[in-house]
1. Can you tell me how many residues in segment 828-881 are under 15 Å from Lys775 (Cβ atoms) and open to solvent by 100 Å² or more (accessible area, probe 1.4 Å)?
2. Can you tell me which residues in segment 542-564 are over 24 Å from Thr592 (Cβ atoms) and open to solvent by 70 Å² or more (accessible area, probe 1.4 Å)?
3. Of everything in segment 244-254 that's in contact (Cβ under 8 Å) with a residue 40 or more places away in the chain and open to solvent by 10 Å² or more (accessible area, probe 1.4 Å), which residue is farthest from the ligand (Cβ to nearest atom)?
4. Tally time: how many residues in segment 740-766 are within 19 Å of Ile803 (Cα to Cα) and open to solvent by less than 100 Å² (accessible area, probe 1.4 Å)?
5. When you check Ile805 against the structure, is it open to solvent by less than 10 Å² (accessible area, probe 1.4 Å), touching a Ser or Thr at 6+ places or on another chain (Cβ under 8 Å), in a strand (DSSP E or B) and not polar (S, T, N, Q), yes or no?
6. Please go through segment 503-525 and pick out each residue that is out of contact with any Leu (no Cβ under 8 Å at 6 or more places or on another chain) and within 30 Å of Val656 (Cα to Cα).
7. Report yes if some residue within segment 660-668 is among the polar types (S, T, N, Q), open to solvent by 60 Å² or more (accessible area, probe 1.4 Å) and either more than 22 Å from Ile506 (Cβ to Cβ) or at pLDDT below 95 (or both); otherwise report no.
8. Filter segment 212-224 down to the residues that are more than 21 Å from Phe90 (Cα to Cα) and in contact with a Leu (Cβ under 9 Å, 6 or more places away or on another chain), then identify the one that is nearest to the ligand (Cβ to nearest atom).
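The values are calculated or read from the model by the stated rules, or taken from the named source; none is laboratory data. All values reported here derive from a predicted model rather than from experimental measurement. Using ideal geometry, Cβ is built from the backbone for each residue, glycine included, and neighbour counts are taken over all protein chains shown. Surface areas here come from the heavy atoms of the whole protein model, side chains and all, with no ligands, DNA or RNA. Shrake-Rupley method; radii C 1.70, N 1.55, O 1.52, S 1.80 Å.
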Amino acid sequence: MKKSTNEIRQKFLNFFEKKRHVIIPSSSLVPYNDPTLLFTNAGMNQFKDFFLGQKKSNHPRIATIQRCLRTGGKHNDLENVGYTSKHHTFFEMLGNFSFGDYFKKEAISYAWELLTSQNWFNIPQNKLWITVYENDNETYEIWKNIIKVPPERIIRIGDKNNLKYNSENFWQMGDTGPCGPCTEIFYDYGAQILKNSLEFLENKNNRFVEIWNIVFIQFNRISKTKIISLPNKCIDTGMGLERISAVLQDVYSNYNIDIFQKLIKNISQYTIIKDLNNVSLKIIADHIRSCAYIIADNISPSNEYRGYVLRRIIRRALRHGHKIGIKENFFYKLVSNLISVMGDAGDILRQKQEKIEKILETEEIQFSHTLDKGLKILHSEIEKTHDHILSGKTAFYLYDTFGFPIDLTADVCREKNIKIDYISYESYKKKQREQSNIRKKFYKNYNEDIIVNNTCVFQGYKQYKVKSLVQFIFVKNVSVKKIMPNEDGIIFLDTTSFYAESGGQISDIGRLYNEESCFIVQNTKKYGKTVGHIGKLISGIIKVNNYLYSEIDRDYRHSIELNHSATHLLHAALRKIFGENISQKGSLVTDTHLRFDFSHHKSIERAQIQQIEYIVNMQIRNNILIKIKELNLEEAKKQQAIALFENQYQSIVRVVFINNFSIELCGGTHVKRTGEIGLFKIINQSSVASGIKRIEAVTGQKAIDYLHKKDNYLEDISLFLNCNSFYIKEKIKKLTVTITDLEKKISILQEKENISHIKQLIKNIDYVQDIKFIKNIFYNYEHKLMKKIVYQLKKELKNSIIILININNNHFTIVIGITKNLINDITAIKIMNIIMKETNGKGGGKKDIAEGGGVNTKKLSIVLKNIKVWIDTQLKKNNYL
Ligand code: SER
């Protein structure tokens, strides 16, 4: 009986337990504390410090089954997935490790015993071949003399390109880190007996599969050119579970092992494709595994780093789903089957199933909006390419506008034998990065680097105007004694009524003044423990040690407060509706509106938006007195005050109570009673990132203004449609029906017009040699219709060349059609190229049909005059007739 993959996993562990190894769990796919590594790519990663001698392991012998991902960095298999039988993004690696305990002889003997012993995997010995690092004689001798492998089946592999240690038999974790020579065991899938190493090398990439790599970790690579010896000699072995399963289940492709067959079958129910060897099915089966495990290890799709790897894999899988005609959101539905298929290794997924499904579903919904559109564009651009190269501009456009990762675009291109102009793609990306850096710099406070050593007492919770002493003045980032009229600068005071931007609340504006001078404060920012008043002096001179009044703009502050208190009400309402698990992810409180980001995986229905507005407005109408207390953190927690998990709080915290409805830690400023807010209206909701929703709202007069604006808008539309505003929908429905009717009528008329054109053109037919030749110029016709005429003529007239031109204002378009019998002698694209060359236009197409256009109508008329002669010459050249 063949062993299932789940049994093989268990057998491996049993074997090494017998050999006194301690079994420890797989580490996360996200390497702990190792910035050199994107994802865990080998069983040895979690033991890096043990190998390097920086930490000591409690157990000198360990065995693991490690989740691995090879999608970037030194080991990257993403592109191969689906196209070879042996590559995966995600795979499980069986490994045994020795930290200064056993070394070469035991490691090799263990591997040989497990693979070949009748009690274990029972692989015939003559099916196994061995490679060793070229000058590693010790290992060679062990295989030959102790294990008794015939020498013709032990192959020495040296360095490539004369670079030391640049060999398949010298394993390195990454650009730096533990490394050493290795010996690999290959399984021979062939039937015919091979005799020597030469034959092995010739066949290495197809009939032989590397199943086990035994690395003798002895070195640490510390830079590209420097390798140093390690204090202990260690063993790191790795055997891909999927590969050994394929061997033991007597199948060649990993995709034919039990696990993958079950996954592929399950996926196939969503498509009409029934061939289980379909590449897209394999890719999806591979990708659902990597995506589910990455999310289980707490990574969410994003545009950066690990999150972007995840996003790229998800999107690639979705594209393959699209390719095999899957119409519904399907990817997240594969998770439950995956969990059951993976046996013990599925436990970690089971614990996080809901989260994994939600994240995948959200990402799928989000991407499905752009996938279809982007693919249409990509396919049409591919059609247009002349040189089998997709421009960097298109690849970048797809990336920037439709969220197409470059490897998704490359995947589509690869199927059509098209290459991408990566250099130009990268330069577009670079340009975009530079522009965004410029923007960032622009928005960054230009004075952020100033260091000021004083403390400013904020009195603005209670007072709008306080008397303050000028302690420092900065002009152009330099500390000065005085500031002159019309100069921009920053003034630091001992005490202030100005709230400095923080906790999402924007800063106050106002003025600093005394009898002689006035400084307009446009912004207020925190600088350590003090506050910088940023602005311009409009009159007088202000000097250090002057006394001033710091007075805020009260109306402006009040508008901010409406929005801040409304934000608390909104936050509480969201928790009431969506549950206490939603958490704040960002907030902006300004004088004009508020914005609140929070974690929530599902989309928000219109009814829910109205419910939120209902709850918040109810609290506003209740006109609750807002109480603010200073409590110690423990007490605040007891009151179940909402706090931001990421924030570090002082031991005494400020808590804002709106009855029991909302209790929240907050340093901001608020209205006295909720009634002051007047009205709360949500004006927008969106999704800012996967699983993060954004609500934008207005309050007070701004909310009324917003409703008025909407009213006016409706009123204008109803005037325009000449109906009451409640009948707009009906009216538009009727108009749509009328338009569809009219479009149908127009298209019938156009057909008729086209038919009469066709008749006319046939009547005036000309000849080049014995070929029917039609050339005609239309004015202000539709290109689409003209194209139809060409297709129709091509069908009706055998042996013909048709060139139709449409001149519209100052530009022209052309369609050229040639019947297929002629394409060996002359092609549509060739004629098009000639016309385009002369007119400086742009065109493309195939041998029998081509389209193009340009603006130089003068040159066009010249080239058209001569085109018949040119065609005639071409035909003669090609010995037509
Ligand atoms: N680290 C080696 C590999 O990944 C053996 O485990 O192949």
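1. 1
2. Lys543, Asn545, Tyr547, Tyr549
3. Asp250
4. Our first condition is that a residue be within 19 Å of Ile803 (Cα to Cα); within segment 740-766, this holds for 753-766.
Narrowing the set further to residues that are open to solvent by less than 100 Å² (accessible area, probe 1.4 Å) leaves 753-758, 760-762, 765-766.
Here the count works out to 11.
5. Numbers: open to solvent by less than 10 Å² (accessible area, probe 1.4 Å): yes; touching a Ser or Thr at 6+ places or on another chain (Cβ under 8 Å): yes; in a strand (DSSP E or B): yes; not polar (S, T, N, Q): yes.
When the stated conditions are applied, Ile805 passes them.
6. Across segment 503-525, the qualifying residues are Gly503, Gln505, Ser507, Asp508, Ile509, Gly510, Arg511, Gln522, Asn523, Thr524, Lys525.
7. The answer is yes, given that some residue of segment 660-668 is among the polar types (S, T, N, Q), open to solvent by 60 Å² or more (accessible area, probe 1.4 Å) and either more than 22 Å from Ile506 (Cβ to Cβ) or at pLDDT below 95 (or both).
8. Ile217
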